[in-house]
Amino acid sequence: MAWFHEYTLRDGRKKSIKIEEWRTFRNEMKELGITERDIFQVQMIEKDIPNKNKRYR
């Protein structure tokens, strides 16, 4: 499990990014390609991260 910021944009789209200690909100917005004017709401949510090392049969 990991924590993410989920940005709900004014046009209804949602973008999320994993929370990292060193990353600021400004860095997150730059990474996602959004501005403050694009944001309607920000939530902190917990999500499962798929384990890439698992073998599926």
In region 1-22, which residues are among the basic types (Lys, Arg) and out of contact with any strand residue (DSSP E or B) (no Cβ under 6 Å at 6 or more places or on another chain)? Arg13
Is it the case that region 28-41 has a residue that's part of a strand (DSSP E or B), of a type in the set (A, V, I, L, M) and modelled with pLDDT of 95 or more? yes
Mind checking which pairs have a first residue in region 8-33 that is more than 20 Å from Lys47 (Cα to Cα) and touching a residue at least 24 places away in the same chain (Cβ under 8 Å) and a second that is among the charged types (D, E, K, R) and surrounded by fewer than 11 Cβ atoms within 10 Å (Cβ to Cβ), Cβ under 6 Å, 6 or more apart or different chains? none
Of all residues in region 7-19, count the ones that are farther than 16 Å from Glu36 by Cβ and in a strand (DSSP E or B). 3
Count of residues meeting criterion [charged (D, E, K, R), surrounded by 12 or more Cβ atoms within 10 Å (Cβ to Cβ) and out of contact with any helix residue (DSSP H, G or I) (no Cβ under 8 Å at 6 or more places or on another chain)] in region 6-19: 2
Answer with yes or no whether Ile45 is among the aliphatic types (A, V, I, L, M), in contact with an Asp or Glu (Cβ under 7 Å, 6 or more places away or on another chain) and outside any helix (DSSP H, G or I). yes
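The values are calculated or read from the model by the stated rules, or taken from the named source; none is laboratory data. For clarity, every value in this text was computed on a predicted model and none was experimentally measured. Neighbour counts run over all protein chains shown; Cβ positions are idealised from the backbone, glycine included.
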